[in-house]
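Here, each number is a calculation from the coordinates, and none is a lab measurement. Quantities reported herein were computed from a predicted structural model and do not represent experimental measurements. Cβ: placed from backbone, ideal geometry, glycine included. Neighbour counts: every protein chain shown.
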Amino acid sequence: MPLSTFFRRSRPNDAVLKIYKSIVDQARHSRFYTDFGVPDTVDGRFEMVTLHVFLVLRRLKRESESASEAGQALFDVMFEDMDLSLREMGAGDMGVGKRVKAMVQAFYGRVGSYEAGLGESADVLEDALARNVFATAEPEQKHLDLLAAYVRAQDVYFATLDRADIEAGEFSFGEFE
């Protein structure tokens, strides 16, 4: 077996790429940056991708732990994309690893806070959104209310979707209210 086989990353399957594309497309929807007041910055866009990946992962893990393969593949694609994006923005090789590591830690923190927010009162979710999505801006209450309502509505909507359809990348996000 050639040595290069050990160092080659496996290519994600088309379904995972399709899932990630749907997430990124939704996260880039202009309404978040106009009507919802999300900062239209690198950080704001990272937060929106993170929020939508969280919603998909939350749905995948609801029925079974077997969804962990799809979830892990989605996580890997997300952070490979983040690595590539940082490099395209001119970050040096030495700094990219540290930045991606910080982004991974931030992602896990957000997952925990959003999970708690969806399991508790609206205030807990709004606090998590204010701390994360609006960390670089002072959000208006109406923006927090809109984004929290959107997250809750997407969570309810995703519960109606078939897991197999999501894993195949054959889904869309629910409508904005």
Could you bin all the Cα-Cα distances of segment 101-177 into 5 Å bins starting at 0 and give me the percent of pairs in each, rounded to whole numbers?
3, 15, 20, 20, 21, 14, 6, 1
If R0 is 35 Å, what FRET efficiency do you get for residue 175 and residue 101 from their C-beta distance, rounded to 0.05?
0.45
The local net charge around residue 131, scoring Lys/Arg +1 and Asp/Glu -1 for residues other than residue 131 whose Cβ lies under 11 Å from its Cβ, equals -2
What is the magnitude of the charge dipole of segment 11-167 about its Cα centre, with +1 placed on the Cβ of each Lys and Arg, -1 on the Cβ of each Asp and Glu, and no other charges, expressed in debye to the nearest 20?
220 debye
